[in-house]
1. What FRET efficiency comes out for the pair His45/Arg22, r = Cβ-Cβ distance, R0 = 30 Å, nearest 0.05?
2. Quick check: residue separation of Thr80 and Glu58 times 0.36 nm, minus the Cα distance between them. What number comes out in nm?
3. Give the average over all directions of the projected area of the C-alpha convex hull of region 34-80, one decimal, in nm².
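Derivation of every value follows stated rules applied to the coordinates shown; laboratory data play no part. Remember, predicted model here, so these are calculated numbers, not experimental data. Backbone-built Cβ (ideal geometry, glycine too); neighbour counts: all protein chains shown.
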Amino acid sequence: MQLTVLRRAGRLARPVSVVHDRSWVLRVDASGSPQVYEVECASCHDRCDASNDADATERDQWCIRHVGETGHTGYREIRTGLLRAVAHAAEGRGEG
């Protein structure tokens with residue numbers, strides 16, 4: 001198995017690996033799977049509950065409660081999206 005890793009470029013991707021004579025690309029999942037949002041305290045790594053809601057109101061409220069309880073002021077926003085590995089047609093072979 002040959003594994004060559006290249007960087008993804010936006011929504012369209014270049015081949016990232018060759019496995020069993022097939023090229024594969026990583027693409028943003030188009031199935032409609034929602035992103036997952038979280039906030040993590042940069043000091044103690046405590047996190048709010050993960051949510052599919054893009055509205056940050058609950059996450060912001062969690063941060064304000066956490067700063068009141070701990071005095072920690074730094075937070076990391078985490079957005080997780082689903083990627084799919086898709087077989088890519090090999091050049092000159094018409095595979096897909």
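1. According to the calculation, E is roughly 0.15.
2. 6.2 nm
3. Mean projected area for region 34-80: 2.8 nm², to one decimal.
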